[in-house]
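I have placed the structure first, in the form of structure tokens, so that the comments after it can refer back to it.
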Amino acid sequence: MIRTFGIAATLTAGLIGAAQAQTVLDVVAWKGNEAEPAGLPGLIEKFEAAHPDIEVELTYVARKDVDKVIPPRLQGGNPPDVTMVDSALVDLWGGAGFLTDLGTDSPWYDRMVPAVREVMTSDGQILVYPLEVIGMGNFVNMDLLANVGIETAPVTLEALKAACQALAEEGIAPMIFAGGFPAMLFVGANGIDPKGISPAEYGTGARMFVEDANFNASLDAVRDLVAAECFDPALQAGLDPWATAPQEFRAGNVAILPQGAWNIGTFSDVEGLNYQFAPMPSAFSDHGLALDLVGPGWAIPRDAEHPEAARAWIDFFAEEENLRVFLEAEGAYSPYVGGRDTMPDLAAPYTAARAAGSLILWPFSTLAFPKPLQSEWEDSITGFLLNIDKPNEDTLQRWDDVVEDNL
Amino acid sequence: MRARHSLYLFTIPALLVIGLFFVHPIILTFDMSLTNFKGIGEAKEVGWRNYERIFSRDRYIREIWLTLWYTVIVVSALTVTGLFFAAMLHRLPLIRNFSRAALYTPAMMSFVVVGYVWQFLYSPLNGGINVALRDLGLGGWEQNWLGDPALALYSVAFTQVWMFTGFTCAIFLAGFAGIPEEINEAGRLEGASSWQRFRYLELPLLGPSITVSVMLTTIGTLKTFELPFILTKGGPDGATRLLSIDIIDNLFGQYKFGFASALSIVMLVIVLAVAFLQNKILRDREHAQ
Amino acid sequence: MSMTDVHSAPRANHGADWDQIRRRAKSILVHGIVLALVGLMLLPLVYMVMMSLKTSTEIAQDPLGLPDSLYWGNYMAALSSMGYLRSVLNSLGITLSVIVVVVFAGAMAAYPLARLENRISRVIVMVMALGLATPNFVTITPIYVIFRDLGLLDSYLGIVLAFAALKLPLAVFFYTSFIAAIPIELEEAARLDNCNNWQIFWHVIRPLLAPVTATLSLFVMIMVWNDFIYPLLLLTDKDKLTVMIAVYKFVGNTGIDPTKLFPAAVLGSLPLLIMFALFQRKIMAGATAGAVK
């Protein structure tokens, strides 16, 4: 009796063991959780169906915690099989040799939009498979604008100022201009000429912000907005751009919010909020300037345990129909040429600007501007708003100082 | 006397652990502070350059003073509120359990949640506090709580005190529990009022509790990072940029591990110095009682 | 300080009644004021719970008002993706184990430090202070490397040791202060009875530390329960994850969604609150026992 049991048990264990001779693919990403699913749960199911011998375990780690939690694993030789990275991490981890070269002969490499391809290739190596390019611009509450008789989202500086005046007269708060991010979008859109000086020149110290005509004009343009009653600088300077500002927009308390397209999901959840996503009014374009943020991608760490399965994961995302699911959930554009547009109608003005070539890649995401400059922009533009009449050079000089420090 | 020295054997488990988990990493951090390590890959020696930078720039000196000042405010407030609630609750046994649990609850929440809720309350546009003031007819008192550089630090301090009053209250309640009943009885028989009993009988006997509370809150507040970061990220324009925030920014925002390590060592030295000073003062006071 | 004795002979009936009424009124007033203050402290958390019961649209329009109706949908959604039961058990197990280790090792270490005031003690105290003063991020990578070398990654033992190590300085600090307040006569009496160090510690000192142990346990409980960085770093097996990591899944990268995060946060902190409520009685018993010599 006991022997029969023993044999049965061993056989069962053997069967279970055999069934579990699967590869477990360890994926780390800052998307795919409850807050930012990005279509990943569904894509994982599809991937596992297509690869029955691979089981995917996705661990969500917020972007700011990735810096703490992944480097020890990379250095300890125990990294995930696939990790999400952005340009800063590619520079850092790739520069230290911890990422695998995916090969410029990969089929998707040539399909990359040239500007993105240039940014992501370092030393002839491509260490990341870019997933998205995500827009940043103005969210515009069309109902509030309609209240003052405006039917289209403003995409020029003149239209913006006119809208502000009209709204202010009706007692509607026209615009959010928090120093920490929204203001940065405006200043950047009016300081970087898509057909002019490359941002990299400022970032390397070849050019100074202080003497630059464009950026001086940009700060002046901010003062123009204040004069047009778009916002109260003292009030907006320290406003939190990530939670409080979107909340005000969702509540219908403010008409214009400069932010990123990643908010589309939560804004669309609010019933009755009629809005559009438009490019940033800029001195350099009549269509408004689209500010594209080069988004994250997948990378395979050097010491990954299952590199072939990891490669299969990347090839899966290289298939257009799969990437499209991701992009649609994210509200983002494809970094590859020829992909079908997945953006909703409410982003029509932004898409139109892109189509017209009126777009720049956000320099902080391409590392044309060094990382320390980003916090300096946040701080100094907040300071500028608190003290709006102080000379431009007070603010611009701080930027040059940080660039110099960084060299 | 030998029997007494063998007592030190008792400290071995703790010492082993502290050595492995603290002394070793601190030595590593110090080594890192002499390099320009980026968190991963190679580290290049740069000598004392990081420290020179810290002490020659306004920014870091300002942060150090700001951190010290912030700590003074928070610790003083926490000690007062903790003592107040503990003294009251000690005399009001009916509501003691409920109140202690209630005071503790803020500390039990995670920082992200607390930060978000308070950011909401402090919002200048339609935040809870301003709306409440408006409804009470005190609209003139509305402020830009987190956006006004003059106010921001105090608003953050207020939230921190709100969050940790339960801690200090708990420490003091434990201290109160250690005061023998006879002393209170004697005081009451003598006809002393509640306040007099507190001031002359209970307070002196709370010596150890006060020491523990002040020292722990000081060290904790000097190191504090999550709450100020979530509320203001150090803004507006550095008005609430505590040393810990700059360390994290250098560490994970800019990947300047070497420099951040130097800042960490500086912070460590400051915390130790303050701790020892406090320890000396408070224990001397205890012994003098 | 002798004033008119409040227990003096009763005056006319009126006077005695008035005294009683005044005292009663004062008591009610004081109780009321303290309760009101405590209630004010709870207000932000009440807001949080209210927000967790609203829909997205409701929050957008009136973030701080009362919910129109109790919308449990958010909680349902949160529960279905949290693996709640398992993660709560993990958190509980880990937290309680850490408390036990920390209390023992800490009290043991504090005993000589409180009693023997000499050079050795001072050095050891300095080392302990180092542990208290170290910022958290300094220890992350070294602990990971040490654990990897010891094979302690992805194990309950490992995470308990890591947390215990991190909270030990706090315990030592607490106990050193309070042991010093215990009168030395008790030990001397025990020594006269020929007890050795361990017996004195276990039978004389330890019971008297009850209120301190209770308070310390609470602190450690909260800190370990809410920490998600170390579990995220040291645990990879899905079945071992703690409840705060489950809550963490509801946090986004830019801003948060209160309809998603708050229900999860309430669910995550609920066991902690319950544990606290349960332990309250133990604390009260311990506290009074301590006072009675």
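When only residues in the stretch C:83-105 that are within 13 Å of another protein chain (Cβ to nearest Cβ) and not hydrophobic (A, V, I, L, M, F, W, C) count, which is most open to solvent (accessible area, probe 1.4 Å)?
Looking at residues that are within 13 Å of another protein chain (Cβ to nearest Cβ) and not hydrophobic (A, V, I, L, M, F, W, C), I get C:83.
Can residue A:315 be described as touching a residue at least 40 places away in the same chain (Cβ under 8 Å) and either part of a helix (DSSP H, G or I) or over 30 Å from residue B:255 (Cα atoms) (or both)? Break it down into steps so the answer makes sense when it comes.
Working: touching a residue at least 40 places away in the same chain (Cβ under 8 Å): no; either part of a helix (DSSP H, G or I) or over 30 Å from residue B:255 (Cα atoms) (or both): yes.
Answer is no for this residue.
From the list C:205, C:184, C:200, C:179, which one is open to solvent by 10 Å² or more (accessible area, probe 1.4 Å) and either touching a helix residue (DSSP H, G or I) at 6+ places or on another chain (Cβ under 8 Å) or over 30 Å from residue A:79 (Cα atoms) (or both)? First the steps, then the outcome.
On the way: C:205 fails: open to solvent by 10 Å² or more (accessible area, probe 1.4 Å); C:200 fails: open to solvent by 10 Å² or more (accessible area, probe 1.4 Å); C:179 fails: open to solvent by 10 Å² or more (accessible area, probe 1.4 Å).
Sole residue among the options that is open to solvent by 10 Å² or more (accessible area, probe 1.4 Å) and either touching a helix residue (DSSP H, G or I) at 6+ places or on another chain (Cβ under 8 Å) or over 30 Å from residue A:79 (Cα atoms) (or both): C:184.
Which condition from (1) open to solvent by less than 50 Å² (accessible area, probe 1.4 Å); (2) free of Cβ contacts under 8 Å to residues at least 24 places away in the same chain; (3) on the phi < 0 side of the Ramachandran plot is the one that residue B:196 breaks?
That leaves (1) as the condition not met.
Residues of the stretch A:237-256 being farther than 13 Å from residue C:255 by Cα and more than 7 Å from every other protein chain (Cβ to nearest Cβ), which ones?
Within the stretch A:237-256, A:249, A:252, A:254, A:255, A:256 qualify.
Quick one: is residue C:133 within 14 Å of chain B (Cβ to nearest Cβ) and at pLDDT 85 or above?
Working: within 14 Å of chain B (Cβ to nearest Cβ): yes; at pLDDT 85 or above: no.
Taking the combined requirement at face value, the residue does not satisfy it.
Looking at residue C:190, is it more than 24 Å from the chain's Cα centre (by Cα) and crowded, with 16+ Cβ neighbours inside 10 Å? Give the steps one after another, and end with the answer.
On the way: more than 24 Å from the chain's Cα centre (by Cα): yes; crowded, with 16+ Cβ neighbours inside 10 Å: yes.
Considered against the rule, which asks whether it is more than 24 Å from the chain's Cα centre (by Cα) and crowded, with 16+ Cβ neighbours inside 10 Å, residue C:190 comes out as yes.
Take the residues in the stretch A:281-304 that are surrounded by fewer than 24 Cβ atoms within 10 Å (Cβ to Cβ) and over 23 Å from residue A:323 (Cβ atoms), then tell me which one is farthest from the other protein chains (Cβ to nearest Cβ).
Checked the stretch A:281-304; the qualifying residue farthest from the other protein chains (Cβ to nearest Cβ) is A:286.
Of all the residues that make up the stretch B:225-261, how many are part of a helix (DSSP H, G or I), more than 21 Å from residue B:51 (Cα to Cα) and among the charged types (D, E, K, R)?
Going residue by residue through the stretch B:225-261, those that are part of a helix (DSSP H, G or I) are B:226-232, B:243-253, B:257-261.
From what's left, more than 21 Å from residue B:51 (Cα to Cα): B:226-232.
Pick out the ones that are also among the charged types (D, E, K, R) and you get B:226.
Matching residues across the stretch B:225-261 total 1.
Of the residues C:126, C:108, C:48, which single one is facing another protein chain (nearest Cβ under 9 Å), more than 20 Å from the chain's Cα centre (by Cα) and farther than 29 Å from residue B:29 by Cβ? Don't jump to the end; show me each part of the working.
Values: C:126 fails: farther than 29 Å from residue B:29 by Cβ; C:108 fails: farther than 29 Å from residue B:29 by Cβ.
Only one candidate passes the filter, namely C:48.
I need the full set of residues from the stretch C:142-156 which are at the interface with another protein chain (Cβ under 7 Å from one of its Cβ atoms), open to solvent by less than 50 Å² (accessible area, probe 1.4 Å) and not aliphatic (A, V, I, L, M), in order please.
Those that are at the interface with another protein chain (Cβ under 7 Å from one of its Cβ atoms), open to solvent by less than 50 Å² (accessible area, probe 1.4 Å) and not aliphatic (A, V, I, L, M): C:142, C:144.
Would you say residue C:76 is open to solvent by less than 10 Å² (accessible area, probe 1.4 Å), over 20 Å from the mean Cα position of the chain (by Cα) and farther than 26 Å from residue C:219 by Cβ?
Values: open to solvent by less than 10 Å² (accessible area, probe 1.4 Å): no; over 20 Å from the mean Cα position of the chain (by Cα): yes; farther than 26 Å from residue C:219 by Cβ: yes.
Considered against the rule, which asks whether it is open to solvent by less than 10 Å² (accessible area, probe 1.4 Å), over 20 Å from the mean Cα position of the chain (by Cα) and farther than 26 Å from residue C:219 by Cβ, residue C:76 comes out as no.
Could you tell me whether residue B:157 is open to solvent by less than 50 Å² (accessible area, probe 1.4 Å), more than 10 Å from every other protein chain (Cβ to nearest Cβ) and in a helix (DSSP H, G or I)? Please lay out each step first, then the result.
Details: open to solvent by less than 50 Å² (accessible area, probe 1.4 Å): yes; more than 10 Å from every other protein chain (Cβ to nearest Cβ): yes; in a helix (DSSP H, G or I): yes.
It is true that residue B:157 is open to solvent by less than 50 Å² (accessible area, probe 1.4 Å), more than 10 Å from every other protein chain (Cβ to nearest Cβ) and in a helix (DSSP H, G or I).
Kindly establish whether residue A:235 is open to solvent by 50 Å² or more (accessible area, probe 1.4 Å), outside any loop (DSSP other than H, G, I, E, B) and under 13 Å from residue A:176 (Cα atoms). Spell out the reasoning first.
On the way: open to solvent by 50 Å² or more (accessible area, probe 1.4 Å): yes; outside any loop (DSSP other than H, G, I, E, B): yes; under 13 Å from residue A:176 (Cα atoms): yes.
Yes.
Give the residues of the stretch A:280-312 that are part of a strand (DSSP E or B) and of a type in the set (Gly, Ala, Ser), sorted by residue number.
Within the stretch A:280-312, the first condition is being part of a strand (DSSP E or B), and the residues that meet it are A:280-282, A:285-294, A:297-299, A:301.
Passing the criteria: A:282, A:285, A:288, A:290, A:297, A:299.
What is the residue count in the stretch A:64-111 for residues that are open to solvent by less than 20 Å² (accessible area, probe 1.4 Å), under 19 Å from residue A:372 (Cβ atoms) and more than 10 Å from chain B (Cβ to nearest Cβ)?
2
Could you please tell me which pairs satisfy a Cβ distance under 7 Å, a separation of 6+ or placement on different chains, a first residue in the stretch C:198-209 that is in a loop (DSSP other than H, G, I, E, B), and a second residue that is at pLDDT 75 or above?
Filtered contacts from the stretch C:198-209: C:209/C:107; C:209/C:175; C:209/C:178.
So, of the residues in the stretch C:225-253 that are under 22 Å from the mean Cα position of the chain (by Cα) and of a type outside the set (A, V, I, L, M), which turns out to be surrounded by the most Cβ atoms within 10 Å (Cβ to Cβ)? Reasoning before the result, please.
Restricting attention to the stretch C:225-253, the residues satisfying the condition of being under 22 Å from the mean Cα position of the chain (by Cα) are C:225-232, C:241-248.
In the following step, the residues that additionally are of a type outside the set (A, V, I, L, M) were identified as C:225-228, C:230-231, C:242, C:248.
Values: C:225: 23, C:226: 22, C:227: 22, C:228: 21, C:230: 22, C:231: 24, C:242: 29, C:248: 27.
For the stretch C:225-253, the residue satisfying everything is C:242.
Could you look through the stretch A:351-382, keep only residues that are of a type in the set (Gly, Ala, Ser) and touching a residue at least 40 places away in the same chain (Cβ under 8 Å), and pick out the one that is surrounded by the fewest Cβ atoms within 10 Å (Cβ to Cβ)?
Step one: of the stretch A:351-382, the residues of a type in the set (Gly, Ala, Ser) are A:352-353, A:355-358, A:365, A:368, A:375, A:380.
Then drop every residue that is not touching a residue at least 40 places away in the same chain (Cβ under 8 Å), which leaves A:352-353, A:356-358, A:365, A:368.
Values: A:352: 16, A:353: 25, A:356: 14, A:357: 11, A:358: 21, A:365: 22, A:368: 21.
Among those residues, the one meeting the criterion is A:357.
Looking at the stretch C:39-71, which of the residues that are in a loop (DSSP other than H, G, I, E, B) and either out of contact with any helix residue (DSSP H, G or I) (no Cβ under 9 Å at 6 or more places or on another chain) or among the charged types (D, E, K, R) (or both) is surrounded by the most Cβ atoms within 10 Å (Cβ to Cβ)? Let's see the steps before the verdict.
Initial filter on the stretch C:39-71 (in a loop (DSSP other than H, G, I, E, B)): C:53-55, C:62-71.
Checking the rest, the ones that are also either out of contact with any helix residue (DSSP H, G or I) (no Cβ under 9 Å at 6 or more places or on another chain) or among the charged types (D, E, K, R) (or both) come to C:54, C:62, C:68-70.
Numbers: C:54: 25, C:62: 14, C:68: 11, C:69: 10, C:70: 10.
Result: C:54.
This table checks each residue for (1) open to solvent by 50 Å² or more (accessible area, probe 1.4 Å); (2) of a type in the set (A, V, I, L, M, F, W, C); (3) at negative phi; (4) away from chain A (no Cβ under 14 Å).
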{"site": "B:177", "(1), (2), (3), (4)": "no, yes, yes, yes"}
{"site": "B:190", "(1), (2), (3), (4)": "yes, no, yes, yes"}
{"site": "B:213", "(1), (2), (3), (4)": "no, no, yes, yes"}
{"site": "B:220", "(1), (2), (3), (4)": "no, no, yes, yes"}
{"site": "B:229", "(1), (2), (3), (4)": "yes, yes, yes, no"}
{"site": "B:235", "(1), (2), (3), (4)": "no, no, yes, no"}
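Please go through the stretch C:165-201 and pick out each residue that is facing another protein chain (nearest Cβ under 7 Å), under 30 Å from residue C:93 (Cα atoms) and of a type in the set (Gly, Ala, Ser).
Result: C:165, C:177.
Out of A:396, A:386, I need the residue that is of a type in the set (A, V, I, L, M), under 23 Å from residue A:282 (Cβ atoms), buried (at least 17 other Cβ atoms within 10 Å of the Cβ) and touching a helix residue (DSSP H, G or I) at 6+ places or on another chain (Cβ under 8 Å). Which one? Even if it seems obvious, please write down each step before you answer.
Details: A:386 fails: under 23 Å from residue A:282 (Cβ atoms).
So the residue among A:396, A:386 that is of a type in the set (A, V, I, L, M), under 23 Å from residue A:282 (Cβ atoms), buried (at least 17 other Cβ atoms within 10 Å of the Cβ) and touching a helix residue (DSSP H, G or I) at 6+ places or on another chain (Cβ under 8 Å) is A:396.
Looking at the stretch B:121-150 only, could you name the residues that are within 14 Å of chain A (Cβ to nearest Cβ), assigned to a helix (DSSP H, G or I) and open to solvent by 20 Å² or more (accessible area, probe 1.4 Å)? Can you show your working first?
Looking only at the stretch B:121-150, we keep the residues that are within 14 Å of chain A (Cβ to nearest Cβ), and these are B:121-131, B:142-150.
Next cut, assigned to a helix (DSSP H, G or I) only: B:121-122, B:128-131, B:149-150.
Scanning the stretch B:121-150 gives B:129, B:131, B:149, B:150.
Hey, can you tell me all the residues within the stretch C:254-283 that are without any contact (Cβ under 8 Å) to a residue 12 or more places away in the chain and surrounded by fewer than 18 Cβ atoms within 10 Å (Cβ to Cβ)?
Listed by number, the residues that qualify are C:254, C:270, C:273, C:274, C:277, C:278, C:281.
Answer with yes or no whether residue A:207 is out of contact with any Asp or Glu (no Cβ under 7 Å at 6 or more places or on another chain), of a type in the set (D, E, K, R) and not in a strand (DSSP E or B). Don't jump to the end; show me each part of the working.
Working: out of contact with any Asp or Glu (no Cβ under 7 Å at 6 or more places or on another chain): no; of a type in the set (D, E, K, R): yes; not in a strand (DSSP E or B): yes.
Judged against the criteria, residue A:207 is not a match.
In this structure, does residue B:270 turn out to be closer than 30 Å to residue C:177 by Cα, among the β-branched types (Val, Ile, Thr) and over 18 Å from the mean Cα position of the chain (by Cα)?
no
The values are calculated or read from the model by the stated rules, or taken from the named source; none is laboratory data. Model, not experiment: these values are computed from the prediction. Cβ: placed from backbone, ideal geometry, glycine included. Neighbour counts: every protein chain shown. Just so you know, the surface numbers come from the protein's heavy atoms only, side chains and all, with ligands and any DNA or RNA stripped out. Shrake-Rupley method; radii C 1.70, N 1.55, O 1.52, S 1.80 Å.
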